[in-house]
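This report refers to the structure that appears directly beneath it.
The values are calculated or read from the model by the stated rules, or taken from the named source; none is laboratory data. Just so we're clear, the structure is a prediction, and the values are computed from it rather than from any experiment. Every residue, glycine as well, gets a Cβ built from its backbone with ideal geometry; the counts of neighbours run over all protein chains shown.
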Amino acid sequence: MASVSIRGVVKSFGKTPVIHALDLEIAHQEFVVLVGPSGCGKSTMLRMIAGLEDVDLGEIAIDGRVVNRVAPKDRNIAMVFQNYALYPHMTVFRNMAFALRAARLPQPEIERRVHEAARILGLTELLERRPGELSGGQRQRVAMGRAMVRDPAVFLFDEPLSNLDAKLRSAMRTEIKKLHQTVKTTIVYVTHDQVEAMTLADRIVIMRDGRIEQIGSPLQVFQKPTNVFVAGFIGSPAMNLLTGTVHRDGDGFRTTWPGGPTLPVPARAVPKLTDGQAVIIGIRPEHVSAIDGPTRLPADWQIEAEIAVVEPLGSETLLLARFGDHELTGKGDGRTIPRPGQRQRFGFDLDHLHLFDRANERALT
Ligand SMILES: Nc1ncnc2c1ncn2[C@@H]1O[C@H](COP(=O)(O)OP(=O)(O)O)[C@@H](O)[C@H]1O
Ligand SMILES: [Mg+2]
């Protein structure tokens, strides 16, 4: 069993506060990803769990035991970094066995653990090679193997894939997910890449400036962002965020924005709105579809805009369009590709409209 509890943890470097009273409960066997822009405090938080940085205030407990004063080597954790520095003169086997030899485990036990980890990671054929004879992805697997053989209660990963090219990164993502399904160890994983966070996590923790903005499953944070920051950070291409206002219209409300149409607001948002309220209107590109023929979509769910940039992806086309002072990203089906400068009709799927209060940037929907 290994849960991780972070309670009221505060950290500053000199006079600069980096982590502000952070609370987080990570369950046994859970895969939690800390994600946020560079400099928001992810590595600092991970290093405090590892014991590589002291905690100023608050407590960190691993499996119920407060570890604030426990040395890193006694915390039963293993950490994998972006720069996974293997020993170049040692074989893969010796690299993986290094910590176990240092801990004076019996040789048969070392062999058993290294071979087991090598089997899970597909390294069995490579055990006699040196790091210089391996690809980037293979080296990263050795770094993971080196952590795995120690059989830690908690794995800590700090941007382990950032040095790999896009294709390898996506392959290694799958490897890490498989690894978690096989060994079921608790994992705390840090990345600035929201796609990595979405694809790997049981729960995502979105951080900004040393604070947690939202915690939830990948789908929760994608479908129900609690504020503008999370709405813009999670999802690719990013959610359209447009400045506007809402006005009462009979029993409901309509959004208005300069140069744009007025859109009916979904009923679920109505209780929180006031007439004339300043809002940010959020809609994801997948809910702004190019319309080329007849449609059953109500006229006031549609707009016409001028195509500015076209990005064909094969299965679909991303369309950056302008209307009034606004830019909007929408999607075409990939079969007909409009040209820049052309007028194009788009339909909004208003069931997926998000509204945020412009004053505090919190979700109203
Ligand atoms: N050892 C340190 N001394 C002083 N400032 C640091 C130190 N480590 C990190 N920082 C600062 O703390 C903030 C958070 O850094 P970090 O945790 O590395 O962010 P992230 O991993 O999210 O990119 C940054 O502003 C960084 O410059
Ligand atoms: Mg970092």
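Please verify whether Pro37 is closer than 28 Å to Asp193 by Cα and either within 16 Å of ligand 2 (Cβ to nearest atom) or not assigned by TED's automatic domain parsing to the domain that holds Asp193 (or both), treating the condition exactly as stated.
Spelling it out, Pro37 is indeed closer than 28 Å to Asp193 by Cα and either within 16 Å of ligand 2 (Cβ to nearest atom) or not assigned by TED's automatic domain parsing to the domain that holds Asp193 (or both).
Could you check region 260-300 and list, in sequence order, the residues that are over 20 Å from Pro338 (Cβ atoms) and among the small types (Gly, Ala, Ser)?
If the condition is that a residue be over 20 Å from Pro338 (Cβ atoms) and among the small types (Gly, Ala, Ser), then Ala267, Ala269, Gly276, Ala278, Gly282, Ala299 are the ones that fit.
Restricted to region 294-343, and to residues that are at pLDDT below 90 and of a type in the set (Val, Ile, Thr), which residue is surrounded by the fewest Cβ atoms within 10 Å (Cβ to Cβ)?
Thr336
Output the residues belonging to region 267-293 that are over 31 Å from the mean Cα position of the chain (by Cα) and surrounded by 12 or more Cβ atoms within 10 Å (Cβ to Cβ).
Once the filter is applied, which keeps residues that are over 31 Å from the mean Cα position of the chain (by Cα) and surrounded by 12 or more Cβ atoms within 10 Å (Cβ to Cβ), region 267-293 yields Gln277, Ile291, Asp292.
Return yes or no: is Ser43 of a type in the set (Gly, Ala, Ser), in a loop (DSSP other than H, G, I, E, B) and within 16 Å of ligand 2 (Cβ to nearest atom)?
no
Report the residue count in region 342-365 for those that are in a loop (DSSP other than H, G, I, E, B) and in contact with a helix residue (DSSP H, G or I) (Cβ under 7 Å, 6 or more places away or on another chain).
4
From Pro37, Pro88, which residue is surrounded by fewer than 17 Cβ atoms within 10 Å (Cβ to Cβ) and either within 16 Å of ligand 1 (Cβ to nearest atom) or over 27 Å from Arg130 (Cβ atoms) (or both)?
Values: Pro88 fails: either within 16 Å of ligand 1 (Cβ to nearest atom) or over 27 Å from Arg130 (Cβ atoms) (or both).
Going through Pro37, Pro88 in turn, just one is surrounded by fewer than 17 Cβ atoms within 10 Å (Cβ to Cβ) and either within 16 Å of ligand 1 (Cβ to nearest atom) or over 27 Å from Arg130 (Cβ atoms) (or both): Pro37.
Determine which member of the set Leu100, Leu168 is more than 26 Å from Thr191 (Cβ to Cβ), among the hydrophobic types (A, V, I, L, M, F, W, C) and in a helix (DSSP H, G or I). Walk me through how you get there before you give the answer.
Values: Leu168 fails: more than 26 Å from Thr191 (Cβ to Cβ).
Exactly one of Leu100, Leu168 is more than 26 Å from Thr191 (Cβ to Cβ), among the hydrophobic types (A, V, I, L, M, F, W, C) and in a helix (DSSP H, G or I), namely Leu100.
Using the structure shown, decide if Lys15 is of a type in the set (Lys, Arg), within 15 Å of ligand 1 (Cβ to nearest atom) and exposed (fewer than 15 other Cβ atoms within 10 Å of the Cβ).
Details: of a type in the set (Lys, Arg): yes; within 15 Å of ligand 1 (Cβ to nearest atom): yes; exposed (fewer than 15 other Cβ atoms within 10 Å of the Cβ): yes.
It is true that Lys15 is of a type in the set (Lys, Arg), within 15 Å of ligand 1 (Cβ to nearest atom) and exposed (fewer than 15 other Cβ atoms within 10 Å of the Cβ).
So Arg208 clears everything in (1) surrounded by 19 or more Cβ atoms within 10 Å (Cβ to Cβ); (2) within 16 Å of ligand 1 (Cβ to nearest atom) except one condition, right? Which one?
(1)
Can you tell me how many residues within region 246-280 are assigned to a loop (DSSP other than H, G, I, E, B), farther than 19 Å from Leu297 by Cβ and out of contact with any strand residue (DSSP E or B) (no Cβ under 7 Å at 6 or more places or on another chain)?
4
In region 181-197, what residues are surrounded by fewer than 19 Cβ atoms within 10 Å (Cβ to Cβ) and part of a helix (DSSP H, G or I)?
If the condition is that a residue be surrounded by fewer than 19 Cβ atoms within 10 Å (Cβ to Cβ) and part of a helix (DSSP H, G or I), then Gln181, Thr182, Val183, Val195 are the ones that fit.
Which ones in region 120-165 are in a loop (DSSP other than H, G, I, E, B), surrounded by fewer than 17 Cβ atoms within 10 Å (Cβ to Cβ) and at negative phi?
Passing the criteria: Glu128, Arg129, Arg130, Ser135, Ser162, Asn163, Asp165.
Which members of region 284-336 meet the condition of being at positive phi and free of Cβ contacts under 8 Å to residues at least 40 places away in the same chain?
Within region 284-336, Gly314, Gly334 meet the criteria.
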